[in-house]
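Single-structure report; data block below.
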């Protein structure tokens, strides 16, 4: 077999393949999104400098451990990219970040304050059983020290994944907890057994290991900013799609 055999692809072949895989629409939407970003950024006088592109390129090189220029060239070849393609991609991402900040930076803190409760978390352990009598028996056994909570969860929980983790659910936001027990969870004494509480899933017994108060960390700031921007961008693309129709010339 010729190890250096090259496979040539025509642009039309790529388009036809994307159609056959039902992926062409997603690509078109991504392109339309970038066009909208370009247009609005231009209207607002937002641009990306050569220096900013170089700084981000250097950061990516360090992240990918591309220590030599030859390492970068090899990586670009593996990704089927020319240096200019890489720079365009960096420029597009930086432009998106700048536009997101210009549009929504002043609204992030207000959104966080208005929805502060939704950003509170608990570290939760719980297990669920189907039978009420068993749930009550396990509660008393745990309270009397005949069996520990984590052992009971390991043996009796109806959820296989949670059984392997001895009832550990992890860090959970309010929206991720069953509506029937969310108020009890966020008002439960820390490290105290609560239950059994009946929901559509069965009978819950749980322990709140710790409470994590809502805090506008840099990471959360970026998440809220991204979600606001993405919601706006999706609305813009949908308007374009339904009113002007996306198409390939």
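Laboratory data are not the source of any read-out in this text; all were calculated from the coordinates shown. Remember, predicted model here, so these are calculated numbers, not experimental data. Virtual Cβ from ideal backbone geometry, glycine too; neighbours counted across all protein chains shown.
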Quick check for you: which residues of the stretch 13-33 have the amide N under 12 Å from the point 7 Å beyond the Cα of residue 80 toward its beta carbon?
13-15, 17-18
Report the label-to-label distance for residue 110 and residue 71 in nanometres (one decimal), using points 7 Å from each Cα along the Cα→Cβ vector.
4.6 nm
Testing the spin-label approximation: label points 7 Å from Cα along Cα→Cβ at residue 62 and residue 136. State their distance in nm.
6.3 nm
Taking 0.36 nm per intervening residue step and subtracting the Cα-Cα distance, what contour gain separates residue 186 from residue 173 on full extension?
3.7 nm
With r as the distance between the Cβ atoms of residue 120 and residue 35 and R0 = 35 Å, compute the FRET efficiency 1/(1 + (r/R0)^6) and round to 0.05.
0.35
Taking 0.36 nm per residue of sequence separation and subtracting the Cα-Cα distance, how much length would be gained by fully extending the chain between residue 159 and residue 226, in nm to one decimal?
20.8 nm
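Counting other beta carbons within 10 Å of each Cβ, put 159, 85 in order, fewest first.
Numbers: 159 16, 85 12.
If I rank by nearby Cβ atoms, fewest first, I get 85, 159.
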Sorted by Cβ density within 10 Å, fewest first, the residues 177, 27:
27, 177
Divide by every residue of the chain the summed helix terms, -39500 (n - 2.57) for each DSSP H run of at least 4, and state the resulting mean residue ellipticity at 222 nm, rounded to the nearest 500 deg cm²/dmol.
-18500 deg cm²/dmol
A student applying the Cα gyration tensor rule (rounded when a/c is under 1.5; otherwise prolate if a/b is larger than b/c, oblate if not) would label the stretch 70-162 oblate
Compute the helix-to-body angle for 24-43: its Cα long axis versus the longest principal axis of the chain, expressed 0 to 90° and rounded to tens.
70 degrees
Once residue 43 and residue 92 are pulled to full extension, the length gained, defined as 0.36 nm per residue separation minus their Cα-Cα distance, is 16.1 nm
Decide, for the stretch 1-159, between rounded, prolate and oblate: order the square roots of the alpha carbon gyration tensor eigenvalues as a ≥ b ≥ c, take rounded if a/c falls under 1.5, and otherwise choose prolate if a/b is larger than b/c, else oblate.
prolate
